[in-house]
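Written out below as structure tokens is the structure these notes cover.
The values are calculated or read from the model by the stated rules, or taken from the named source; none is laboratory data. Since this is a predicted model, take the numbers as computed values, not measurements. Virtual Cβ from ideal backbone geometry, glycine too; neighbours counted across all protein chains shown. Only protein heavy atoms, including side chains, enter the accessible area calculation; ligands, DNA and RNA are left aside. Shrake-Rupley method; radii C 1.70, N 1.55, O 1.52, S 1.80 Å.
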Amino acid sequence: MHQITRRGALGAAAASTLAARSHAQPRDNTIRIGVLADFSGPYRDTSGPTSFAAVQQAIEDLGLAQRGINVEVVQGDHLNRPDAALALARRWIDTQGVDMICEVNNSAVALAVANLVREKDKIQLASGAASSALTGAQCSTHTIQWTYDTWVFANVVGGAAVRAGGDSWYFITADYAFGHQLERDTGQFVTRAGGRMLGAARYPFPGTTDFSSFLVQAQASRAKVIGLAMAAADTQNCVKQAHEFGLTRRGQKLAGMIMFVQDIKSIGLEAAQGMLLSEVFYHDLNDRTRGLASRILRRTPTNMPGQEHAGTYSCAIHYLKAVAEVGVARAKASGIEVINVMKRMPTDDDAFGPGRVREDGRKIHPAYLFEVKSPAESRREWDYYKLVSTVGMEEAFRPLNEGGCPLIRT
């Protein structure tokens, strides 16, 4: 039987947030969105409640209630388990009439849900899943991967960092498939940009908390950049220990392969300063991102919206624009019709600016290489990044003909 946290159960059962609802219209004229995310686990801050708030904000920004379009939003905790997530998604679709599922910040969950929404002619907008397989060999007619993937991070952090002067690399890598893939992909971009790979230290995963021996090896390599092919708590622990070792004070830079602004808050600027990382959104990037962040922050005042939350806002905005074009009745009857409109219409929103959805289901927009500020450079809470370089949307993501997506005619 599917288990769910009390918070997730309350959210799902209550169909929480009737964000743009006109009571004068019948219930079958209502679009329903399910935010399937981590509401209680290790990715709660980068996912969960703030992503839910981002969908609420998208509905409010479009003014759908005034246009006679009803939208309900439900939330559910996938518990980082594909079986639990699939059971919940199926129940949403079969008994609650959910038309679109978004967020899904777990690649295994996203791949499982992709099959379900294709079978049911519904839609998945994977604004939190990172596996590039979602637009590669396992691409789907009914899924769009919205925000980022492992390929774009490897491209931007590896290639752009070399062009910025970091031309010799050593990796500290989680010793399992995810870490190996990050190391391999990033290494390809490093060498393609003219850099050198000097080696790697692979640590046992899971269970490693002491990174001292691996940091000693990285320091001895004399590489200009130490690539961290890991994520979440491992990255945070490794960066803090690197600071204690004085590694960055000796001129070496740390590069985080998958990082979020919430990670920097947890690590602290004293330890994280000088790190290189890539994100596709930063709240203080321009006037549009600042405006969006301030609107969402009113709903979640303790957590600044990050790139995953921005992606969830962006995908909800574009989906609802497509619904408005085809009409609620047709949108509920045919998910693939809405997907086709989403691919045809250019995207433009306060999260990413102009962009588009490709035939393989990859949403593209610019990506950025950032360096973490020092404490002296930071002027306020969440003022963490300075921009090093921008990679245009056509260059940031994997070329259409290289992913192996069977939807692409060769």
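Screening ALA154 with (1) more than 26 Å from VAL388 (Cα to Cα); (2) open to solvent by less than 10 Å² (accessible area, probe 1.4 Å); (3) not in a strand (DSSP E or B) gives one miss only, at (1). The number of residues in segment 101-120 that are within 17 Å of GLU308 (Cβ to Cβ), surrounded by 18 or more Cβ atoms within 10 Å (Cβ to Cβ) and among the aliphatic types (A, V, I, L, M) comes to 5. Residues considered: ILE144, ILE93, ILE123. Of these, the only one that is in contact with a helix residue (DSSP H, G or I) (Cβ under 6 Å, 6 or more places away or on another chain), at pLDDT 95 or above and open to solvent by less than 10 Å² (accessible area, probe 1.4 Å) is ILE123. Within segment 385-403, the only residue that satisfies the criterion of being surrounded by fewer than 14 Cβ atoms within 10 Å (Cβ to Cβ) and of a type in the set (Gly, Ala, Ser) is GLY392.
Name the residues in segment 83-123 that are in a helix (DSSP H, G or I), β-branched (Val, Ile, Thr) and closer than 18 Å to ARG330 by Cα, would you? Working first, answer last.
Initial filter on segment 83-123 (in a helix (DSSP H, G or I)): 83-96, 107-120.
Filter once more, keeping what is β-branched (Val, Ile, Thr): 93, 95, 109, 113, 117.
Matches in segment 83-123: ILE93, VAL117.
In the set ILE226, ILE264, only one residue is closer than 21 Å to ARG202 by Cα, aliphatic (A, V, I, L, M) and touching a helix residue (DSSP H, G or I) at 6+ places or on another chain (Cβ under 6 Å); that residue is ILE226.
Across segment 26-78, the qualifying residues are those that are open to solvent by less than 10 Å² (accessible area, probe 1.4 Å), free of Cβ contacts under 8 Å to residues at least 60 places away in the same chain and not charged (D, E, K, R), and the one among them that is nearest to VAL113 (Cα to Cα) is HIS78.
Pairs are defined by a Cβ separation below 9 Å, a sequence spacing of at least 6 or placement on different chains, a first member in segment 384-398 that is without any contact (Cβ under 8 Å) to a residue 60 or more places away in the chain, and a second member that is open to solvent by 60 Å² or more (accessible area, probe 1.4 Å); the pairs so defined are LYS386/GLU377; MET393/PRO354; MET393/ARG356.
Would you confirm whether any residue within segment 220-227 is outside any loop (DSSP other than H, G, I, E, B), modelled with pLDDT of 95 or more and open to solvent by 20 Å² or more (accessible area, probe 1.4 Å)? Yes: one or more hits.
Out of the residues in segment 276-302 meeting the condition of being under 16 Å from the mean Cα position of the chain (by Cα) and in a loop (DSSP other than H, G, I, E, B), tell me which one is farthest from MET393 (Cα to Cα). Across segment 276-302, the extreme among qualifying residues is HIS283.
The condition of being open to solvent by less than 30 Å² (accessible area, probe 1.4 Å) and closer than 18 Å to TYR384 by Cα holds for only one of GLY268, GLY246, GLY195, that being GLY268. Output the residues belonging to segment 353-384 that are open to solvent by 50 Å² or more (accessible area, probe 1.4 Å) and not in a loop (DSSP other than H, G, I, E, B). Hits for segment 353-384 are PRO354, ARG356.
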